[in-house]
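See structure below.
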Amino acid sequence: MSVRERWVAAPPEAVWELLADGWSYADFVVGSAHVRRVDPGWPRPGTRLHPVVGAWPLLRRGSTTSEEADAPHRLVLTARSWPLGGARVVFDLVPRDGGTLVRLTEDAVEGPGRLVPRLLRTPLIGARNTETLSRLEALVVGRSASGRG
């Protein structure tokens, strides 16, 4: 299981606003090329967003289901994309020092990705999620500075 943290100079509500905008996921989630569709009511539990993952020409359709949404504290997702399988992704937002500590926890839960030994998959997921959090921070801070968040 990979756990990465990043402090963001914005309140949890501003971070949540980005997470609650399903159309923004391709802007910060490493590996997402674009979002095809977002269910009305995202991120209410049971709703899904439908990204395209990978890099052209090796693109695959995926789906991400919201399992738990506790604004502005916690978002639990199940992300699926064949042939990799599925992952449980958790965003925890903790108020800290006038900003937000964003904790991103992820691990494979189904499919071939789960067969990769934990000692190999954890650092790979972690490296990707370090970049994901960097992008998330840039978007949240940029939106806040421009009055959008």
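Could you list, in sequence order, all residues of segment 14-34 that are in a helix (DSSP H, G or I), touching a strand residue (DSSP E or B) at 6+ places or on another chain (Cβ under 9 Å) and more than 19 Å from residue 106 (Cβ to Cβ)?
Within segment 14-34, 14, 23 qualify.
Can you tell me which of 9, 14 is closer than 13 Å to residue 139 by Cβ, surrounded by 15 or more Cβ atoms within 10 Å (Cβ to Cβ), touching a helix residue (DSSP H, G or I) at 6+ places or on another chain (Cβ under 7 Å) and small (Gly, Ala, Ser)? Working first, answer last.
Numbers: 9 fails: surrounded by 15 or more Cβ atoms within 10 Å (Cβ to Cβ).
Sole residue among the options that is closer than 13 Å to residue 139 by Cβ, surrounded by 15 or more Cβ atoms within 10 Å (Cβ to Cβ), touching a helix residue (DSSP H, G or I) at 6+ places or on another chain (Cβ under 7 Å) and small (Gly, Ala, Ser): 14.
Of the conditions (1) part of a strand (DSSP E or B); (2) modelled with pLDDT of 95 or more; (3) not β-branched (Val, Ile, Thr), residue 41 clears all except one; give me its number.
(1)
Going by the conditions given, is residue 136 surrounded by 17 or more Cβ atoms within 10 Å (Cβ to Cβ), touching a Lys or Arg at 6+ places or on another chain (Cβ under 8 Å) and assigned to a helix (DSSP H, G or I)?
In short, yes.
Of all residues in segment 57-82, how many are touching a strand residue (DSSP E or B) at 6+ places or on another chain (Cβ under 7 Å) and in a loop (DSSP other than H, G, I, E, B)? Talk me through it step by step, then tell me what you get.
Residues of segment 57-82 touching a strand residue (DSSP E or B) at 6+ places or on another chain (Cβ under 7 Å): 59-69, 72-82.
Keeping just the survivors that are in a loop (DSSP other than H, G, I, E, B) gives 72-73, 82.
So the count comes out to 3.
Quick grid of which residues meet (1) at pLDDT 95 or above; (2) within 13 Å of the chain's Cα centre (by Cα); (3) farther than 20 Å from residue 1 by Cα:
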| position | (1), (2), (3) |
| --- | --- |
| 56 | no, no, yes |
| 59 | no, no, yes |
| 65 | yes, yes, no |
| 70 | yes, no, yes |
| 73 | yes, no, yes |
| 77 | yes, yes, no |
| 83 | no, no, no |
| 88 | yes, yes, no |
| 93 | yes, yes, no |
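Can you tell me which residue is nearest to residue 12 (Cα to Cα) among those in segment 103-130 that are part of a strand (DSSP E or B) and out of contact with any Asp or Glu (no Cβ under 7 Å at 6 or more places or on another chain)?
Of the residues in segment 103-130, the ones part of a strand (DSSP E or B) are 103-110.
Of the ones still in play, those that are also out of contact with any Asp or Glu (no Cβ under 7 Å at 6 or more places or on another chain) are 104-110.
On the way: 104: 14, 105: 17, 106: 20, 107: 24, 108: 26, 109: 27, 110: 30 Å.
Looking at the filtered set, the residue picked out is 104.
The values are calculated or read from the model by the stated rules, or taken from the named source; none is laboratory data. Note that this is a predicted model, so its numbers are computed, not measured. Here the Cβ is made from the backbone with ideal geometry for all residues, glycine too, and neighbour counts use every protein chain on show.
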